[in-house]
Amino acid sequence: MEPRRRARAFVLGLLSDLPRKNCWTLAEHAGDANPYGLQHLLSRAKWEADAVRDDIRGFVVGKLHDTAVVLVVDRLYVPRSWTEDTARCQAAGIPDTVGFATKPALAARMIGRALHACVPASWVAGDEVYGGNPHLRTALEQRQVGYVLAVARDHQIATHAGKFRADTLVKRPPRRAGQKLSAGARTKGHRCYDWALADIADDRLGHHQLLVGRNRRTGELAFYRCHSATHVSLHPGAGRRRHQARSQTSHYQQQAAQA
């Protein structure tokens, strides 16, 4: 039972609002006098990481399942500077079998593993690291999984007239263009954006679109590449994907605290 208790305290600490998270701060958050128990859990205790991952996934899907699940990709990875330094990896407890892989490559594996386990997800969301990678986008399209992936303003988009930067395609969006939608509530009220959706010429299967959001207060633009197996239009959920992800995390934290 001791490893289970430590693991529960560790997860609750990671989900907390602590400004800094290490074994000392997580131990204090759990009410422990020192970090030795958490250090033992992470460095010496025997447990199967993959099995724990699968158990947590089953718990989350069982407790928070929804007919409109969105997988939000956000993952730490081992940088190349580490994988090329054998001594550093050994000191950190990283197995020799772990090689370098980019964040998009890791994301493709994670998504494939989740779908293989029958996680009912039909959409994937992620930041510019993932949106700018054509291999990940193609992998999702081949699985007929929709995505809304952020891209940089200088991201190149192919049209029948040639390739153009995302911000060039919408260089002067009219002030009244798009729909006003909330991206979630904050302490000072809702964050409202103007959203516009434009079709992208593409010979591949499915529907390809560029989603543009304009901050109504600052005028700043955000760009997203979108794909769906069937045609979709803007709706209130489009601007709340990240807010929903944070809400699900909060819900999971409450469920874990009650477990």
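In this structure, is ARG153 surrounded by 19 or more Cβ atoms within 10 Å (Cβ to Cβ), charged (D, E, K, R) and either touching a strand residue (DSSP E or B) at 6+ places or on another chain (Cβ under 9 Å) or touching a residue at least 60 places away in the same chain (Cβ under 8 Å) (or both)? So ARG153 fails the test.
So in segment 1-16, with the set limited to residues that are among the small types (Gly, Ala, Ser) and part of a helix (DSSP H, G or I), which one is most open to solvent (accessible area, probe 1.4 Å)? Walk me through how you get there before you give the answer.
Residues of segment 1-16 that are among the small types (Gly, Ala, Ser), as a first pass: 7, 9, 13, 16.
From what is left, the residues that are part of a helix (DSSP H, G or I) are 7, 9, 13.
Numbers: ALA7: 39, ALA9: 19, GLY13: 0 Å².
Checked segment 1-16; the qualifying residue most open to solvent (accessible area, probe 1.4 Å) is ALA7.
Report yes if some residue within segment 76-99 is under 23 Å from CYS226 (Cα atoms), open to solvent by 60 Å² or more (accessible area, probe 1.4 Å), of a type outside the set (Ser, Thr, Tyr) and in a helix (DSSP H, G or I); otherwise report no. Among the residues of segment 76-99, not one is under 23 Å from CYS226 (Cα atoms), open to solvent by 60 Å² or more (accessible area, probe 1.4 Å), of a type outside the set (Ser, Thr, Tyr) and in a helix (DSSP H, G or I), which makes the answer no. Taken residue by residue, segment 96-106 has at least one member that is over 24 Å from the mean Cα position of the chain (by Cα) and more than 18 Å from VAL70 (Cβ to Cβ). Considered as a group, the residues in segment 223-233 that are over 14 Å from SER122 (Cβ atoms) and open to solvent by 30 Å² or more (accessible area, probe 1.4 Å) include one that is modelled with the highest pLDDT, and that residue is HIS231.
Residue count for segment 50-75 under the criterion of being hydrophobic (A, V, I, L, M, F, W, C), open to solvent by less than 60 Å² (accessible area, probe 1.4 Å) and part of a helix (DSSP H, G or I): the result is 5.
Filtered by the rule that a residue be at pLDDT below 85 and not hydrophobic (A, V, I, L, M, F, W, C), segment 195-214 gives ASP199, ASP202, ASP203, ARG204. The set of residues from segment 3-36 being farther than 20 Å from GLU48 by Cα and in contact with a Gly (Cβ under 8 Å, 6 or more places away or on another chain) comprises LYS21, THR25, LEU26, ALA27, HIS29, ALA30.
The values are calculated or read from the model by the stated rules, or taken from the named source; none is laboratory data. For clarity, every value in this text was computed on a predicted model and none was experimentally measured. Heads up, the Cβs are rebuilt from the backbone with ideal geometry, glycines too, and the neighbour counts pull from every protein chain shown. Each accessible area value is taken on the protein alone, full model and side chains, heavy atoms only, with ligands, DNA and RNA left out. Shrake-Rupley method; radii C 1.70, N 1.55, O 1.52, S 1.80 Å.
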